[in-house]
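The values are calculated or read from the model by the stated rules, or taken from the named source; none is laboratory data. What you see is a predicted model; the values in this text were computed from it and never measured. Methodologically, a virtual Cβ is constructed for each residue, glycine included, from the backbone with ideal geometry; neighbour enumeration extends over all protein chains shown. These accessible areas exclude ligands, DNA and RNA; they are computed on the full protein's heavy atoms, side chains included. Shrake-Rupley method; radii C 1.70, N 1.55, O 1.52, S 1.80 Å.
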Amino acid sequence: MRYLSTRGQIEPVSFCDAVMMGLARDKGLLLPESIPDVRGELARWATLSYTELAYEVVRLFATDIPAAELRDIIERSYSTFTHEEVVPLVPVGELYVQELFHGPTLAFKDCALQVLGNLFEHILKARGGRLNILGATSGDTGSAAIYGVRGKAGIHIFILHPDGKVSPVQERQMTAVLDANVHNVAIAGTFDDGQRIVKELFGDLEFKDAYDLGAVNSVNWARVLVQVVYYFHGALRACRESGRESIRVCVPTGNFGNIFAGWLAREMGAPISQLILATNENDILARYFRTGEYSMGDVHPTLSPSMDIQVASNFERFLYYAVGQDPAEVRRLMAAFAESGRITVPLAAGEPAIIAGVGNTAETLATIGETYRTSQYVLDPHSAVGVAVANRLRAAGEPIVCLATAHPAKFADAVKQATGRDDLTHHPAIDGLMDAETRCAKLPATTDAIRQHIVQTLG
Ligand SMILES: *Cc1c(COP(=O)(O)O)cnc(C)c1O
């Protein structure tokens, strides 16, 4: 399988090249040259364990990794999950909640980043070379990236976070990782300062090449690909348990990375009748799927901070298919969006693959409270946005698979606000953190200070 850019200005590349490239060189996003149809496999896939299923899905796309090594990468990646089913499907009232948060940082990003770290290591071993990952985080992505590559040969990771501006749990999830290849930096500034510094260092091509800088952002094709797996797993299982032929899946969404994987799974033939996209007040995507107009708004802080996003970096992948796989049209639209912050892309006729709804802060809190009272099940605020929207759009008696993207213990304050209780959200991985040893450099929020720190650390 080879990979093309949504902007059409690179030669097709292999899977391993696509993983190392992240963003395509023409600034587009990488996509497979065709989407396999797996309808003939579903009866067999329905009987597989999570890692067996992951192998079957990923091998269709990762054709340049030998079978035995791919199996090994997948098995090692999910051995860090604490639930034997990896992503269990839990009945909650008439819904199914698919828990994607049993990885090391208790959020769904582990599903992809555990695999990505092992893929990087495999590719670097095969080709030689090193990778120095640089990123800025406002909270969750940093820790999932760190856990993805901790202790891996040939890789160092530098993660900048704004000093004192991430939650104590988020900070400790990063700084309590003491592996020699993990370098946390608390900068005296904001998240935007961190992003600006990272952008400037990636823009300094001489420095970037000399130090083999790379990113682990949400546009990496491998992240999208491995997320396809849990859509098959959840839909097949929910159909079997409910006796239905297909089912709707509701996805709390920020960057469109998670739900785009669901769209791909549906295109491949997963028994998903429709995807329900759920946003918080930052609703650029919900507005698009209602009106066909994609237009930027201001970012509002909410209880579900990992969805406080107004420009969804993976949306360009969907756009490519929406305009009939025409890279020139994608280039035109992305240029128009960069200039005016607004484009119109007509919605497809007929029954839509994706519909959308908004769960605001009041509904998020009400949903956490009500779900706890009626089902004794505790939702985190991101997952609650999805459940709020699913409950609103649900037909009487309809089961919907709702993706749960974080463990509630990561967002204990919101749970307390919703339920009035602070004894509902413990998790051993978090309870132990406050006493853990930590390591973190504190530096000024300047590009020079970070450049110097990288040079000194790598020697
Ligand atoms: C990142 C994240 C999301 C949003 O995922 P996207 O792929 O950006 O749509 C939702 N919930 C949690 C807990 C997250 O960390």
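Residues considered: LEU275, LEU333. Of these, the only one that is more than 18 Å from the chain's Cα centre (by Cα), surrounded by 19 or more Cβ atoms within 10 Å (Cβ to Cβ) and not in a loop (DSSP other than H, G, I, E, B) is LEU333. Would region 56-66 turn up any residue that is touching a strand residue (DSSP E or B) at 6+ places or on another chain (Cβ under 8 Å), modelled with pLDDT under 95 and surrounded by fewer than 24 Cβ atoms within 10 Å (Cβ to Cβ)? No.
Considering only residues of region 278-323 that are among the hydroxyl-bearing types (Ser, Thr, Tyr) and within 11 Å of ASN255 (Cα to Cα), which is farthest from the chain's Cα centre (by Cα)?
Among those residues, the one meeting the criterion is THR279.
Restricting attention to region 55-87, the residues that are under 16 Å from HIS102 (Cα atoms) and out of contact with any Leu (no Cβ under 8 Å at 6 or more places or on another chain) add up to 13. Checked against (1) in contact (Cβ under 8 Å) with a residue 40 or more places away in the chain; (2) open to solvent by 10 Å² or more (accessible area, probe 1.4 Å), GLY154 passes all but condition (1). When region 419-439 is limited to residues that are assigned to a loop (DSSP other than H, G, I, E, B) and among the aliphatic types (A, V, I, L, M), the one that is surrounded by the most Cβ atoms within 10 Å (Cβ to Cβ) turns out to be LEU424.
Would you mind stating whether ILE197 is crowded, with 21+ Cβ neighbours inside 10 Å, farther than 13 Å from LYS442 by Cα and without any contact (Cβ under 8 Å) to a residue 60 or more places away in the chain? The answer is no for ILE197.
For region 229-256, residues that are surrounded by fewer than 24 Cβ atoms within 10 Å (Cβ to Cβ) and within 13 Å of the ligand (Cβ to nearest atom) total 1.
Among the residues of region 185-192, is there at least one that is under 24 Å from the mean Cα position of the chain (by Cα), hydroxyl-bearing (Ser, Thr, Tyr), open to solvent by 10 Å² or more (accessible area, probe 1.4 Å) and on the phi < 0 side of the Ramachandran plot?
Yes, that holds for at least one residue.
Tell me, please, whether a residue that is within 30 Å of GLU75 (Cα to Cα) and in contact with a strand residue (DSSP E or B) (Cβ under 8 Å, 6 or more places away or on another chain) can be found in region 298-312. Checked region 298-312: at least one residue is within 30 Å of GLU75 (Cα to Cα) and in contact with a strand residue (DSSP E or B) (Cβ under 8 Å, 6 or more places away or on another chain).
I'd like to check something: does region 359-375 contain any residue that is buried (at least 20 other Cβ atoms within 10 Å of the Cβ), assigned to a helix (DSSP H, G or I), touching a Ser or Thr at 6+ places or on another chain (Cβ under 6 Å) and aliphatic (A, V, I, L, M)? So far as region 359-375 goes, no, none of its residues is buried (at least 20 other Cβ atoms within 10 Å of the Cβ), assigned to a helix (DSSP H, G or I), touching a Ser or Thr at 6+ places or on another chain (Cβ under 6 Å) and aliphatic (A, V, I, L, M).
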